[in-house]
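Written below as structure tokens is the structure these notes are about.
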């Protein structure tokens, strides 16, 4: 039977959390998960201090439920409530923390055991229309500052074509190395994706052409002999970071005249949705996106009834027979 004697009585909540973070690093979890832990856990600790709780072993189910309610009532700086997916991410991280403490025998009971998690019905992401996507890809980006460098345009175009053409995640894009790109085979190796899994994704022709131009012309001008492994770099030759990528997409969306907030996730969602609407098999889309469950893919792409009706008309034998007979009678 575990007892509190197994834990150091001088451990503070901060010390317990630091031990948890060390465990995450030891398990070599993704950088995105570590970043999430660094954002979520200090916020949870601040809530505990407000409630005069200074020991994680004193956290009860009621404490966790109160925090879940607080998340549900929280408003962003724009006055909007936190998305269900954001609330879920926060609570899952907290549950992961307490399961770690229970496994280490530093707590007697897991206060998150009976927590009811919010489950998003659909992903609250917008999708570009095909015409918007074409406009984004074809818009020649220009800087409105004191100077403009054509190589930056070449890089931005390659990034956009890669994100829209393959549906890879933001972190996966920034983590790409030059050696992950195989232009001769038209493939991209995605290393350490979600679930720490690697996968190969095919490159559409336009993405391949854009990447070829970037690798031949722009990247050498950025790196200038530096031993940089990153595929996508800044104009100074350093690996492209998520915050830089987000700023670039914002500029590109403005240049294309888009009103839809643009992010790598929007392009990922757009890629998957357009593939399904074009008749792609959901299993193939699942493989492309790197989803373990096909349920994730179906929820992710939000195929509507109209789309399904079009696919049925094109693919179902009875529908094809009716169309063929109807054409003969005309």
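Laboratory data are not the source of any read-out in this text; all were calculated from the coordinates shown. These figures come from a predicted structure and were not determined experimentally. Heads up, the Cβs are rebuilt from the backbone with ideal geometry, glycines too, and the neighbour counts pull from every protein chain shown.
Summary of computed values
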| quantity | calculated |
| --- | --- |
| Diffusion coefficient, µm² s⁻¹, Stokes-Einstein with Kirkwood Rh over alpha-carbon pairs of region 198-284 at 37 °C and 0.692 mPa s | 214 |
| Estimated distance in nm for a label pair at residue 281 and residue 72, the labels positioned 7 Å out from Cα along Cα-to-Cβ | 4.2 |
| Within region 234-250, backbone nitrogen closer than 16 Å to the virtual label 7 Å beyond the Cα of residue 38 toward Cβ | 241-244 |
| Label point distance in nm, residue 60-residue 92, each placed 7 Å from Cα along Cα→Cβ | 2.9 |
| Where Rh is the Kirkwood radius over Cα pairs, Rg/Rh for region 130-261 | 0.94 |
| Segment residue 15-residue 109, extension gain: residue separation times 0.36 nm, minus the distance between their alpha carbons | 31.9 nm |
| From the C-alpha gyration tensor of region 4-103, square roots of 5λ in Å | 23, 18, 11 |
| Fully extended contour minus Cα-Cα distance, from residue 224 to residue 260, at 0.36 nm per residue | 9.4 nm |
